[in-house]
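Below: one structure, written as structure tokens.
The values are calculated or read from the model by the stated rules, or taken from the named source; none is laboratory data. For clarity, every value in this text was computed on a predicted model and none was experimentally measured. When we count neighbours, we look across all protein chains shown, and the Cβ atoms used for this are built from the backbone with ideal geometry, even at glycine. For accessibility, only protein heavy atoms count, side chains too; no ligands or nucleic acids. Shrake-Rupley method; radii C 1.70, N 1.55, O 1.52, S 1.80 Å.
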Amino acid sequence: MDKCISVIIPTYNERNYINKCIHSVLSQKSADTEWEIIVSDGGSTDATLDVLCSCVHKLCAARGRARQLNAGAVEAKGEILFFLHAHNLLPQGAFDAISSTIYGEGYDGGGFSNRFSQENKRIKRAGRIINMELKDIDRDHKNISFCGDNGIFVKRGVFNTLEGFRDMPIMEDVDFSLRLGRSFRCKRITEPLIITSSRRLLQHGIWRTQLEWFLLMKLYRFGVSPHLLQKIYRRYQLQK
């Protein structure tokens, strides 16, 4: 299907968030781009699939974000694959920005900058620090990396060449985006901004959550095994 964006959303117990995400996709207005929505569920126990509207393609996949994303890609019909988290919301103009980046500017893929759904002074301050870090990274496109909350998009052919997401317990999105940037043209879209839920920040603490993110990212870039990072992450969560 030409000029079609396949939106692939991995879920696990996202009943309370998924329809808000889907509504933000359905509300997109684009003159020359079609889209489809694929929800790749990893065995939710909260009836996530039951609350989805009929326009969504429901897919049951083996649990694990990389596996769910890859399974969604296999079912996708679009030329562009757009991987979106269930707690993200798309702003108006998101599809036009992707289409312009791929078809107008000739990039092979990329991701978005984002903002949090609820912002106070402390969250905004944390966001500014993150953005400063990203500016330094983006000076060399081969080092650009995206997390799932950035909404990674890529040409289907490029995705296949990279053999999709590696089956990793954590950092599968960062790993994929780094491989994308090293071998293909990759761009960070700074306008419009994807909206990311503030739930993790508000539940676990703004600075502790940001520190966790930075430490995991730095350790991964220094070559620490994703399996060890997952153990560190779990231990950190249990201590909260």
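Rank-order 10-19, 189-198 by packing density, defined as the average count of other C-beta atoms within 10 Å over each peptide's residues, highest first.
In descending order of packing, they fall as 10-19, 189-198.
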Pairs over 29 Å Cα to Cα, from 58/218; 20/155; 77/187; 20/218, come to 58/218; 20/218
Under 5 Å, built H, 5+ apart or other chain: amide partners of residue 193: none
Determine how large the accessible area of residue 25 is when every protein chain is in place; take a 1.4 Å probe and give Å² rounded to the nearest 10. 0
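Largest first, what is the accessible-area ranking of 220, 103 with a 1.4 Å probe?
103, 220
Under the classification rounded if a/c is under 1.5, otherwise prolate if a/b is larger than b/c and oblate if not, where does the range 1-109 fall, given a ≥ b ≥ c as square roots of the Cα gyration tensor eigenvalues?
It is prolate, given that a/c is not under 1.5 and a/b is the larger ratio.
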Skipping prolines and chain starts, which residues have an amide H placed within reach, meaning under 5 Å, of the one on residue 187, given they are 5 or more residues away or on another chain? 109, 110, 111
